[in-house]
Amino acid sequence: MHSVQPEHIDIKVESESALAWVQTHWGQATRLKLTWLTRDIPWVMAHNAASVTSLKRLELRLLQERSPTTAMLLTWLLAQAPQLQLLFLQHPTALVLPPIRHLSHLIVATSKFTDTCAASIRQLRNLQTLWLGMEGPEPIMSAVDLDLRSLPQLSDVCVDRLTLSGITLPRQCRMHWVGDGESMFLDIWSDNARQGQLHSINLQSDGSLLPEQFLDFLPLYFVESKCSVLQWRDMPQFGRPANPALFDAAHFCCLTHLKLMSRDINILLPQELPLQVLHVHARSLSIVFENPKEQAKRLQQLKVAYRTLRGADVFVLTGLMCGMGALISREAVAGADQYHGFLVNSGHMRGDAWKCPCGACLGCLQQVEGY
Ligand SMILES: [Zn+2]
């Protein structure tokens, strides 16, 4: 076993000996994944540790880190990995990243985001994507004002349930925002939205913060941004049967992907809305299409799930899409009895078209980069 030098290592760290073993066998590894499962085993550098010069991808899932030695040794380890391209870190509480020359993709899931960590991210000059998010169910607030203009390659940044005191991105960089209604109302995202950087919004209402007639109350900078993907969950009600919520094309001028999940959905979709993919999930559903004939031409995918449906527009549109060669299939609605669901795909669509738009999370990178 001692001479084995695997290319891919995926180990659950349950003892000090597992850590010692991996350090003598990671010399040829290009991919390394270490997961701390049960207890906080502190990292001790083995005296005969191999260097990690081949490492391209590193995933570390630490438990809540109490030992400062681990953070220090981790920084030291990263400084020895000149080929590293993708780094995933979960739970680092006191992390300083060395300026790794080739690092293109950084994913940090943390419960504490500090100025020191932010300053070290600014030194990663070849960074292309950055995912920053919280670890655990509660959103986190950080006083960090994150200025990433020193990173010219940066193309996508996802901020997931992490409230910063400010964020400045290179001009062409897209921002992806995940959060709740409360953090959306903070003004800190408004510059990114006004500059057209806000590309996708994934909003999880807690059911109480937002009023029923949501479009009148959403911050205008959110609505008027160049957002093309909007996903909205857990809102109790969108519009009313007599007064459906209007997705005004003047505000949602770039919206191509829309996904709504709510108890009660009553919406009006105007003809000018550039919608290509529409998913709705509601106990009680009503969608009015202003011009089904024109909208059927543009729509690539329609997915609906409902218990009761008011109005015939959904079926009119489905019929028109099928007349243009679209295929319809029944969809089982997960965990919901008495629900009906179907999926309509235009000729060149296959399966479920809804994918994470961020390009920066591990799921996105695995698909695109083949890591
Ligand atoms: Zn993603």
With an 8 Å Cα cut-off and a minimum separation of 6 or more residues, compute the relative contact order for the chain in percent.
8
Global form of the range 245-371, assessed from the alpha-carbon gyration tensor, a/c cut-off 1.5:
rounded
Scan the range 165-199 for chymotrypsin sites (Phe, Trp or Tyr not before Pro) in coil per DSSP, keeping those whose Cβ has at most 16 other Cβ atoms within 10 Å, and list them by number.
Phe185
Rounded, prolate or oblate (a/c below 1.5 giving rounded, otherwise prolate when a/b exceeds b/c) for the range 1-103 by Cα gyration tensor
oblate
Chain lengthening between Glu7 and Thr116 when straightened (0.36 nm per residue, less Cα-Cα):
36.0 nm
Entries of Lys112/Lys355; Lys259/Lys355; Lys226/Lys259; Lys12/Lys33; Lys303/Lys355 with Cα pairs more than 20 Å apart
Lys112/Lys355
Given +1 on the Cβ of Lys and Arg, -1 on the Cβ of Asp and Glu, and no further charges, what dipole in debye does the range 1-103 carry about its Cα centre, rounded to the nearest 20?
220
When the C-alpha atoms of the range 40-190 are aligned to their principal axes, what extent does each axis show, in angstrom, from largest down?
53, 32, 20
No partner Cβ under 4.7 angstrom, meaning no disulfide-compatible partner by this rule: which Cys of the chain qualify?
Cys117, Cys173, Cys227, Cys253, Cys254, Cys322, Cys356, Cys361, Cys364
Can you give the direction-averaged projected area of the convex hull of the alpha-carbon atoms in the chain, in nm²?
20.0
Leaving ligands and nucleic acids out of the surface, order Asp145, Asp156 by accessible area at 1.4 Å, largest first.
Asp145, Asp156
For the range 36-79, what is the relative contact order in percent, using Cα pairs closer than 8 Å and at least 6 residues apart in sequence?
59
If each of Asp145 and Asn291 carries a label point 7 Å out from its Cα toward its Cβ, how far apart are those two points in nm?
4.7
Residue separation between Arg125 and Leu73 times 0.36 nm, minus their alpha-carbon distance, gives in nm 16.5 nm
Accessible area (Å², per residue) of the range 1-103, counting only protein heavy atoms and a probe of 1.4 Å
48
Ignoring ligands and nucleic acids, Lys12 exposes an accessible area, probe 1.4 Å, in Å² to the nearest 10, of 110
With each label point set 7 Å from Cα along the Cα-Cβ vector, what nm distance links Arg194 and Gln276?
3.0
Evaluate the charge dipole of the chain about its Cα centre and quote only its size in Debye, nearest 20, assuming +1 on the Cβ of each Lys and Arg and -1 on the Cβ of each Asp and Glu.
880
Counting pairs of alpha carbon atoms under 8 Å apart in space and at least six apart in sequence, what relative contact order in percent does the range 1-103 give?
24
Taking the alpha-carbon centroid of each part, what is the distance from the range 1-76 to the range 296-371 in angstrom?
42
Cβ-Cβ FRET estimate between Val316 and Gln367, R0 fixed at 41 Å, reported to 0.05:
0.70
What part of the accessible area of the chain, given as a whole %, is carbon or sulfur when the probe is 1.4 angstrom?
52
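The values are calculated or read from the model by the stated rules, or taken from the named source; none is laboratory data. Computed from a predicted model, the values in this text were never measured in an experiment. Ideal geometry is used to build each Cβ from the backbone, glycine not excepted, and the neighbour counts take in all protein chains shown. Note: accessible area is taken over every heavy atom of the protein model, side chains too, but ligands, DNA and RNA are not part of it. Shrake-Rupley method; radii C 1.70, N 1.55, O 1.52, S 1.80 Å.
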